Amino acid sequence: MKEFRYFYAPGLPDDLTLPEEEALHCVRVLRLGAGDPVMLTDGKGKIYEGEITVASPRQCLFRTTSVREQEKDWCGHLHLAMAPTKNNDRTEWLAEKATEIGFDELTFLHCRFSERKCVKPERFEKILISAMKQSHKAYKPVLNDMVDFQDFIKRDFPGQKFIAHCYDESDIDGSCNEKEYSDKRMDGGKAFLADVLRPDEDALVMIGPEGDFSVEEVRAAISQGFQPISLGRSRLRTETAALVAVHLMNLGHAK
(Lines give C-alpha, C1' and ligand atoms only; values in the text may rest on other atoms or scores of the structure.)
Protein backbone atom coordinates (compact mmCIF):
# COMPACT_ATOMS: atom_id res chain seq x y z
CA MET A 1 0.00 0.00 0.00
CA LYS A 2 1.42 3.38 -0.99
CA GLU A 3 2.23 5.74 1.85
CA PHE A 4 0.49 9.09 1.41
CA ARG A 5 1.86 12.25 2.98
CA TYR A 6 -0.54 14.16 5.19
CA PHE A 7 -0.83 17.93 4.89
CA TYR A 8 -2.48 20.45 7.19
CA ALA A 9 -5.03 22.66 5.46
CA PRO A 10 -6.94 24.50 8.21
CA GLY A 11 -9.05 26.43 5.70
CA LEU A 12 -10.83 23.35 4.38
CA PRO A 13 -13.37 22.89 2.92
CA ASP A 14 -13.58 26.45 1.54
CA ASP A 15 -9.89 27.31 1.13
CA LEU A 16 -8.16 24.91 -1.27
CA THR A 17 -4.71 26.40 -0.75
CA LEU A 18 -1.95 24.90 1.40
CA PRO A 19 -0.39 27.25 3.95
CA GLU A 20 2.97 28.60 2.76
CA GLU A 21 5.10 26.32 4.95
CA GLU A 22 3.08 23.27 3.94
CA ALA A 23 3.35 24.25 0.28
CA LEU A 24 7.13 24.63 0.58
CA HIS A 25 7.45 21.17 2.09
CA CYS A 26 5.11 19.65 -0.48
CA VAL A 27 6.77 21.12 -3.57
CA ARG A 28 10.42 21.67 -2.71
CA VAL A 29 11.11 18.88 -0.22
CA LEU A 30 8.80 16.12 -1.44
CA ARG A 31 8.85 17.35 -5.05
CA LEU A 32 5.15 16.74 -5.58
CA GLY A 33 3.50 18.34 -8.58
CA ALA A 34 0.21 18.81 -10.36
CA GLY A 35 -1.75 15.59 -10.55
CA ASP A 36 -0.13 13.96 -7.50
CA PRO A 37 -2.53 12.61 -4.87
CA VAL A 38 -2.44 14.00 -1.33
CA MET A 39 -4.16 13.44 2.01
CA LEU A 40 -5.21 16.52 3.92
CA THR A 41 -6.69 17.31 7.31
CA ASP A 42 -8.31 20.41 8.73
CA GLY A 43 -7.11 19.51 12.23
CA LYS A 44 -10.73 19.37 13.41
CA GLY A 45 -11.51 15.75 12.68
CA LYS A 46 -11.86 15.51 8.91
CA ILE A 47 -9.54 13.83 6.40
CA TYR A 48 -9.72 14.73 2.73
CA GLU A 49 -8.37 12.86 -0.25
CA GLY A 50 -7.25 15.26 -2.92
CA GLU A 51 -5.07 16.03 -5.90
CA ILE A 52 -2.62 18.87 -6.49
CA THR A 53 -3.74 21.24 -9.25
CA VAL A 54 -1.10 23.99 -9.07
CA ALA A 55 2.35 23.53 -7.54
CA SER A 56 4.86 26.27 -6.78
CA PRO A 57 7.10 26.74 -3.72
CA ARG A 58 4.90 29.52 -2.34
CA GLN A 59 1.51 28.44 -3.62
CA CYS A 60 0.08 24.98 -3.81
CA LEU A 61 -3.54 24.51 -4.85
CA PHE A 62 -5.50 21.31 -4.72
CA ARG A 63 -8.94 19.88 -5.24
CA THR A 64 -10.66 17.41 -2.95
CA THR A 65 -12.12 14.15 -4.19
CA SER A 66 -13.56 12.73 -0.96
CA VAL A 67 -13.90 13.49 2.73
CA ARG A 68 -14.45 11.42 5.83
CA GLU A 69 -14.75 12.04 9.54
CA GLN A 70 -12.05 10.43 11.65
CA GLU A 71 -13.31 9.08 14.94
CA LYS A 72 -11.04 9.71 17.90
CA ASP A 73 -9.62 6.67 19.66
CA TRP A 74 -10.60 8.13 23.02
CA CYS A 75 -13.77 9.42 24.61
CA GLY A 76 -14.32 12.90 25.96
CA HIS A 77 -11.95 15.84 26.16
CA LEU A 78 -8.43 15.26 27.54
CA HIS A 79 -6.65 18.38 28.80
CA LEU A 80 -3.04 18.60 30.01
CA ALA A 81 -1.94 21.68 31.93
CA MET A 82 1.76 21.80 32.79
CA ALA A 83 4.56 24.14 33.77
CA PRO A 84 7.09 24.19 30.92
CA THR A 85 10.56 22.88 31.76
CA LYS A 86 13.65 25.07 31.99
CA ASN A 87 15.12 23.11 29.07
CA ASN A 88 12.66 23.90 26.30
CA ASP A 89 13.68 20.81 24.30
CA ARG A 90 12.08 18.61 26.95
CA THR A 91 8.74 20.41 26.69
CA GLU A 92 8.87 20.26 22.90
CA TRP A 93 9.51 16.52 23.12
CA LEU A 94 6.49 16.16 25.41
CA ALA A 95 4.23 18.10 23.05
CA GLU A 96 5.25 15.89 20.13
CA LYS A 97 4.85 12.55 21.92
CA ALA A 98 1.60 13.49 23.65
CA THR A 99 0.10 14.42 20.28
CA GLU A 100 1.18 11.09 18.82
CA ILE A 101 -0.58 9.31 21.70
CA GLY A 102 -3.66 11.52 21.51
CA PHE A 103 -5.14 14.32 23.62
CA ASP A 104 -7.22 17.44 23.03
CA GLU A 105 -5.82 20.49 24.77
CA LEU A 106 -2.52 21.82 26.13
CA THR A 107 -2.14 24.71 28.55
CA PHE A 108 1.15 26.02 29.94
CA LEU A 109 1.13 27.13 33.57
CA HIS A 110 3.17 29.78 35.33
CA CYS A 111 3.69 28.50 38.86
CA ARG A 112 5.55 29.75 41.92
CA PHE A 113 8.60 27.58 41.24
CA SER A 114 8.52 27.89 37.44
CA GLU A 115 11.94 28.51 35.91
CA ARG A 116 10.55 29.22 32.44
CA LYS A 117 8.29 32.24 32.37
CA CYS A 118 7.25 32.14 28.70
CA VAL A 119 7.02 29.88 25.66
CA LYS A 120 6.87 30.54 21.93
CA PRO A 121 3.38 29.43 20.83
CA GLU A 122 4.34 29.55 17.12
CA ARG A 123 7.04 26.95 17.70
CA PHE A 124 4.69 24.65 19.62
CA GLU A 125 1.97 25.00 16.99
CA LYS A 126 4.44 23.68 14.40
CA ILE A 127 5.33 20.75 16.64
CA LEU A 128 1.68 19.85 17.24
CA ILE A 129 0.90 20.04 13.52
CA SER A 130 3.92 17.92 12.57
CA ALA A 131 3.11 15.26 15.19
CA MET A 132 -0.56 15.20 14.15
CA LYS A 133 0.39 14.56 10.53
CA GLN A 134 3.09 12.03 11.36
CA SER A 135 0.69 9.96 13.46
CA HIS A 136 -2.08 10.23 10.82
CA LYS A 137 -4.48 12.00 13.15
CA ALA A 138 -7.13 14.47 12.08
CA TYR A 139 -7.31 16.33 15.39
CA LYS A 140 -4.79 19.00 16.33
CA PRO A 141 -4.64 19.68 20.07
CA VAL A 142 -5.75 23.15 21.08
CA LEU A 143 -2.79 25.20 22.34
CA ASN A 144 -3.57 27.89 24.89
CA ASP A 145 -1.53 30.88 26.00
CA MET A 146 0.47 30.55 29.20
CA VAL A 147 -1.67 31.34 32.22
CA ASP A 148 -1.00 32.01 35.88
CA PHE A 149 -1.67 28.97 38.05
CA GLN A 150 -4.01 30.81 40.44
CA ASP A 151 -6.10 32.13 37.55
CA PHE A 152 -6.25 28.74 35.84
CA ILE A 153 -7.59 26.76 38.78
CA LYS A 154 -10.54 29.15 39.08
CA ARG A 155 -11.75 28.43 35.55
CA ASP A 156 -14.77 26.23 34.96
CA PHE A 157 -14.02 22.74 33.67
CA PRO A 158 -16.88 20.29 33.05
CA GLY A 159 -15.19 17.09 34.14
CA GLN A 160 -12.72 15.50 36.52
CA LYS A 161 -9.90 17.75 37.69
CA PHE A 162 -6.61 16.34 38.99
CA ILE A 163 -3.36 17.71 40.32
CA ALA A 164 -0.27 15.50 40.38
CA HIS A 165 2.26 16.41 43.07
CA CYS A 166 4.95 14.78 45.20
CA TYR A 167 3.78 15.78 48.69
CA ASP A 168 2.27 13.56 51.35
CA GLU A 169 -1.16 14.30 52.73
CA SER A 170 0.51 15.36 55.98
CA ASP A 171 2.48 18.02 54.09
CA ILE A 172 -0.73 19.46 52.70
CA ASP A 173 -2.89 19.38 55.83
CA GLY A 174 0.00 20.49 58.07
CA SER A 175 -0.24 17.52 60.42
CA CYS A 176 3.44 16.62 60.08
CA ASN A 177 6.11 18.96 61.41
CA GLU A 178 9.16 16.86 60.60
CA LYS A 179 10.12 15.46 57.20
CA GLU A 180 10.74 11.76 57.72
CA TYR A 181 11.17 10.91 54.07
CA SER A 182 12.39 7.37 54.77
CA ASP A 183 8.97 6.52 56.20
CA LYS A 184 6.97 8.13 53.39
CA ARG A 185 5.44 6.37 50.42
CA MET A 186 6.65 7.59 47.06
CA ASP A 187 3.05 8.05 45.96
CA GLY A 188 2.26 10.04 49.10
CA GLY A 189 -0.78 7.89 49.80
CA LYS A 190 -2.65 9.50 46.89
CA ALA A 191 -4.90 7.62 44.48
CA PHE A 192 -3.31 6.38 41.25
CA LEU A 193 -4.68 8.32 38.28
CA ALA A 194 -5.71 5.22 36.34
CA ASP A 195 -7.81 4.02 39.29
CA VAL A 196 -9.96 7.14 39.57
CA LEU A 197 -10.49 8.13 35.94
CA ARG A 198 -14.09 7.90 34.79
CA PRO A 199 -14.23 7.27 31.03
CA ASP A 200 -17.62 8.95 30.66
CA GLU A 201 -16.25 12.33 31.85
CA ASP A 202 -13.73 14.82 30.48
CA ALA A 203 -10.40 14.88 32.30
CA LEU A 204 -7.86 17.58 33.19
CA VAL A 205 -4.48 16.86 34.79
CA MET A 206 -2.07 19.50 36.07
CA ILE A 207 1.68 18.84 36.21
CA GLY A 208 4.03 21.16 38.10
CA PRO A 209 7.53 22.51 37.36
CA GLU A 210 10.84 20.84 38.24
CA GLY A 211 10.49 22.11 41.80
CA ASP A 212 6.89 20.83 42.00
CA PHE A 213 3.90 22.95 42.91
CA SER A 214 4.19 24.81 46.19
CA VAL A 215 2.21 23.47 49.13
CA GLU A 216 0.06 26.61 48.95
CA GLU A 217 -0.70 25.96 45.27
CA VAL A 218 -1.76 22.38 45.99
CA ARG A 219 -4.02 23.57 48.80
CA ALA A 220 -5.54 26.23 46.53
CA ALA A 221 -6.19 23.66 43.78
CA ILE A 222 -7.87 21.29 46.22
CA SER A 223 -10.10 24.13 47.42
CA GLN A 224 -11.17 24.59 43.78
CA GLY A 225 -12.18 20.94 43.40
CA PHE A 226 -8.96 19.37 42.11
CA GLN A 227 -8.22 15.85 43.30
CA PRO A 228 -4.60 15.03 44.23
CA ILE A 229 -3.34 11.99 42.33
CA SER A 230 -0.22 9.88 41.95
CA LEU A 231 1.41 8.79 38.70
CA GLY A 232 3.18 5.89 40.41
CA ARG A 233 5.92 5.29 42.94
CA SER A 234 8.79 6.54 40.78
CA ARG A 235 9.89 10.16 40.97
CA LEU A 236 9.39 11.46 37.44
CA ARG A 237 10.77 14.43 35.55
CA THR A 238 8.18 17.05 34.61
CA GLU A 239 7.96 16.06 30.94
CA THR A 240 7.86 12.34 31.82
CA ALA A 241 5.07 12.92 34.33
CA ALA A 242 3.13 14.89 31.73
CA LEU A 243 3.49 12.12 29.16
CA VAL A 244 2.46 9.45 31.68
CA ALA A 245 -0.61 11.54 32.53
CA VAL A 246 -1.60 11.84 28.87
CA HIS A 247 -1.07 8.12 28.30
CA LEU A 248 -3.14 7.14 31.33
CA MET A 249 -5.94 9.52 30.33
CA ASN A 250 -5.86 8.13 26.79
CA LEU A 251 -5.98 4.53 27.98
CA GLY A 252 -8.63 5.30 30.59
CA HIS A 253 -10.85 6.87 27.93
CA ALA A 254 -10.11 4.40 25.13
CA LYS A 255 -13.10 3.34 23.05
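The values are calculated or read from the model by the stated rules, or taken from the named source; none is laboratory data. Quantities reported herein were computed from a predicted structural model and do not represent experimental measurements. Here Cβ is always computed from backbone atoms with ideal geometry, including for glycine, and neighbour counts include all displayed protein chains. SASA here: full protein model, heavy atoms, side chains in, ligands and nucleic acids out. Shrake-Rupley method; radii C 1.70, N 1.55, O 1.52, S 1.80 Å.
Return the equivalent ellipsoid semi-axes of region 84-138 as a descending list in whole Å, where each equals the square root of 5 times an eigenvalue of the C-alpha gyration tensor. Working shown, then result.
Details: eigenvalues 99, 21, 17 Å².
Semi-axes (√(5λ), whole Å): 22, 10, 9.
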- Message: What number do you get for the chain when its Cα radius of gyration is normalised by 2.2 N^0.38 Å, N = residues?
- Response: 1.16
- Quarter of the surface of the C-alpha convex hull for region 33-98, i.e. direction-averaged projected area in nm², equals 7.0 nm²
- Which length gain, in nm to one decimal place, applies between Glu115 and Met39 when the Cα-Cα distance is subtracted from 0.36 nm times their residue separation? 23.3 nm
- Message: With a 1.4 Å probe and all protein chains left in place, how much of the accessible area of region 32-81 comes from carbon and sulfur atoms, in whole percent?
- Response: 47 percent
- Where the accessible area of region 105-255 is counted over protein heavy atoms with a 1.4 Å probe, how much of it, in %, is carbon and sulfur? 48 percent
- Return the percentage of antiparallel bridges among DSSP beta bridges fully within the chain, rounded to the nearest 5 %. 40 percent
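Quickly rank 163-171, 68-76 as a protection proxy: mean count of other C-beta atoms within 10 Å, highest first. Display every interim value, and only then the final one.
Working: 163-171: 19.6, 68-76: 14.4.
Ranked from most to least packed, the peptides come out as 163-171, 68-76.
Taking the solvent-accessible surface of protein heavy atoms with a 1.4 Å probe, what is the per residue accessible area of region 1-86 in Å²? Display every interim value, and only then the final one.
On the way: 4730 Å² over 86 residues.
Each residue of region 1-86 exposes 55 Å² on average to a 1.4 Å probe.
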